[in-house]
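J.: Take this structure first; my questions come after.
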Amino acid sequence: MAGHAGQGNGQGSGNSHGAKARPGNRRVAQWTRDYTRLPGIPDEFIGKDGTSRAVWTRFFDAFAALTPDDIERRFGSADRHLREAGVTYRAPGETADRLWPLSHLPLLIGEADWQQLSAGIVQRAQLLELVMSDLYGEGRLLAEGAIPAAAVAGSTEYLRSVCGIKPPGGRYLNLYAADVGRGPDGRWWVLGDRTQAPSGAGYALENRLVLSRAFAALYKSMNVERVAPFFEAFRDALRASADRDEPRIGLLTPGQFSETYFKQATLARYLGFLLVEGDDLAVSGDRIHIRTVAGLKRLDVLLRRVDSNFLDPLELDAASQLGVPGLIDVMRKGGVVVANMPGSGVMEARALLGFLPSLSRRFFGEELKMPHIATWWCGQKAAREEVLSRLDEVARSRFPRYRAGAIKRIIGKRARAA
């Protein structure tokens, strides 16, 4: 149920928890009477003025109209659906599947917050697209020192075999995601970028389908932002990226032992894509094909859930059994669209965070709309001296996924905005 909840009616709040003179006042007061805001920490429920946020007031009003038995029955129905549908995930390092835990209490995001969040994400996605286009294209940012070459070339996610390839379909990042959280100032901050093969859309879809069925009237009264238009737009964009009118699209999965295989299967089924593994595909001529009982069938677009280095054992990791031999060369000839473009994982490098504010000013003439934790690349003298002068105030970490040099990210414990 997490997502944008429109403002609708009932904006005001009553007492400190917004229950005064409202339906279900007694039950709402009982639920929230012991709730207190922690000092110095932004609170989702209670605003700076000490009253409950309007979006939560509306939610509790509507929720309190249901009887306890009705609430229990609806949540039980949602949990039962997840069990019967086999919605699972696998924790890293484990072999057994776990049932997907569905939080019964949603995260509510009001309209104003949602607009700020959306604007920041859109700007950041556009910025990373431009940066990646340059890193694998003209290379002006490296040549002019806007980004240190060592911060890019040293990364195992920077694929030299992809340099100079213009992405078939025209985009490097077809899908972008970000880890976000409330900063100390109450604004949304970016905690990390996800550009390799952003995950989670399948689970978000399943969560929404389950809870919107269990609480259909509540969803309608709260004017919750629909997720279907996003998936429709994403599917349409992938179709438009192909070079024929009726393209065949596949979702490349590592297989059933993937930690998020259920999510991949759910997404493929909902979008109408083929769920394929590397062994299902073959190169013929300048195209990628899927093996069928009727012979090879051309595949136009490949939405990948396999990390870049494993996509092609001929040009990348020779030990990989997850990819398709010859895939990179087919891309080089414009024969298949791969989303996201191989090599996009380089944009997740924490070492690049310190340069994004200046790159935003360079490309857009404006500051980043959403800040991130202050980060310094210690390969530069000024940044190194800044860090050395504040060693008792910062945290240091190494990133072993870099080929050469000790790349350190320094994160201010005081979460200073970049």
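The numbers here are math on the coordinates, done by the rules we state, and not lab data. Note that this is a predicted model, so its numbers are computed, not measured. Because the Cβ atoms are built from the backbone with ideal geometry, glycine has one as well, and the counts that use them run over all protein chains shown.
J.: How much length, in nm to one decimal, is gained on full extension between Leu314 and Ala382, taken as 0.36 nm per residue of separation minus their Cα-Cα distance?
T.: On the way: separation 68, 0.36 × 68 = 24.48 nm, distance 4.15 nm.
Extra length from Leu314 to Ala382 when fully extended: 20.3 nm.
J.: May I pose another question? Calculate I(q)/I(0) for segment 111-348 by the Debye formula, one identical point scatterer on each C-alpha and no solvent, and give its log10 at q = 0.14 Å⁻¹ to two decimals.
T.: Log10 of I(q)/I(0), two decimals: -0.98.
J.: In nm, give the distance between the simple-model label positions of Asp34 and Arg187, each being 7 Å from the Cα along the Cα-to-Cβ direction.
T.: Result: 3.7 nm between the two label points.
J.: Which one, (i) 23.9, 72; (ii) 27.4, 104; (iii) 24.8, 85, gives Rg and Dmax of the Cα atoms in Å as derived from the coordinates shown?
T.: The value matching this structure is (i).
J.: Of the lysine pairs in the chain, how many meet both conditions: Cα atoms under 23 Å apart, and a spacing of 8 or more in sequence or different chains? Kindly include the intermediate steps, with their values, before the conclusion.
T.: On the way: Lys20/Lys48; Lys48/Lys369; Lys166/Lys333; Lys297/Lys333; Lys369/Lys413; Lys381/Lys408; Lys381/Lys413.
Close lysine pairs under the 23 Å cut-off: 7.
J.: For every helix of n ≥ 4 consecutive DSSP H residues, a contribution of -39,500 (n - 2.57) applies; sum these over the chain, divide by its total residues, and give [θ] at 222 nm rounded to the nearest 500 deg cm²/dmol.
T.: Helix-only estimate at 222 nm: -10000 deg cm²/dmol.
J.: Kyte-Doolittle mean at least -1.0 and Cα extent at least 24 Å along the axis: which DSSP H helices of the chain qualify?
T.: Helices meeting the span and hydropathy rule in the chain are 111-135.
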